[in-house]
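The values are calculated or read from the model by the stated rules, or taken from the named source; none is laboratory data. Bear in mind the structure is a predicted one, so any value in this text is a computation, not a measurement. Neighbour counts are summed over all protein chains in view; Cβ atoms, including those assigned to glycine, are modelled from backbone coordinates with ideal geometry. To get the accessible areas, we keep the full protein, side chains included, count just its heavy atoms, and leave off ligands, DNA and RNA. Shrake-Rupley method; radii C 1.70, N 1.55, O 1.52, S 1.80 Å.
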Amino acid sequence: MADYGVPEDLDGVLPWSWAEERLVANRNYWVVTASADARPHAMPVWGVWDRDRERFAFTCSPNARKARNLSANPQVTVAIDDTVECVSVEGTATRITGADQMQLAGLYGPKYHPDDAQAAATLVTFMGSGTMFEVTPERAFGMIETEELFAKAATRWRWT
């Protein structure tokens with residue numbers, strides 16, 4: 001990112017914990033997919049970041065364009081909805097079912113309904129019955145989009 005004035009050294013880069021805090025706490029995410037013929041599609045979703053496995057999960061209708069796109073082309077980008085303290089994750093989406101889906105569905109209730117056990121349980125059931133995708137990250141980007149901090153704090157993380 002040298003064209004943006006970002007230095008090559010690591011002084012001032014954001015720690016992964018900064019990005020992970022935002023991925024966990026964020027309420028709405030943008031999921032960006034592309035069809036087999038590269039037609040882009042972006043839609044907001046509710047989702048959960050699983051800290052233990054470093055994976056993002058979301059559900060959708062099996063007939064949704066994003067589900068159809070991911071079946072043809074599993075490459076995906078997920079971004080939080082904050083345009084100042086930004087986090088964007090690029091990776092591969094895989095449809096998950098069974099115990100893995102229920103484990104991830106269980107993260108929705110306390111996140112979206114922390115003070116309402118009944119609503120939390122209903123949401124977990126709903127998310128556990130839908131089409132769920134898990135995103136395995138390949139790289140992520142974090143930045144603080146202010147004039148003072150952008151060039152100092154823009155950071156890229158990679159998974160191998």
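Overview of results
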read-out: Accessible area of the stretch 2-160 belonging to carbon and sulfur atoms, whole % at 1.4 Å probe; value: 53 percent
read-out: Column: log10 I(q)/I(0), Debye, Cα scatterers of the chain, q = 0.09, 0.11, 0.12, 0.20 Å⁻¹; value: -0.32, -0.47, -0.55, -1.26
read-out: Mean shadow area of the stretch 87-160, taken as a quarter of the surface of its Cα convex hull (nm²); value: 6.9 nm²
read-out: Qualifying GluC sites (Glu not before Pro) in the stretch 53-160, DSSP loop, other Cβ atoms within 10 Å at most 14; value: 145, 147, 148
read-out: 1.4 Å probe accessible area per residue over the chain, in Å²; value: 55 Å²
read-out: FRET efficiency, 1/(1 + (r/R0)^6) with R0 30 Å, evaluated for residue 125 and residue 36 via beta carbons; value: 0.35
read-out: Kirkwood Rh and Cα Rg combined as Rg/Rh, the stretch 8-81; value: 1.05
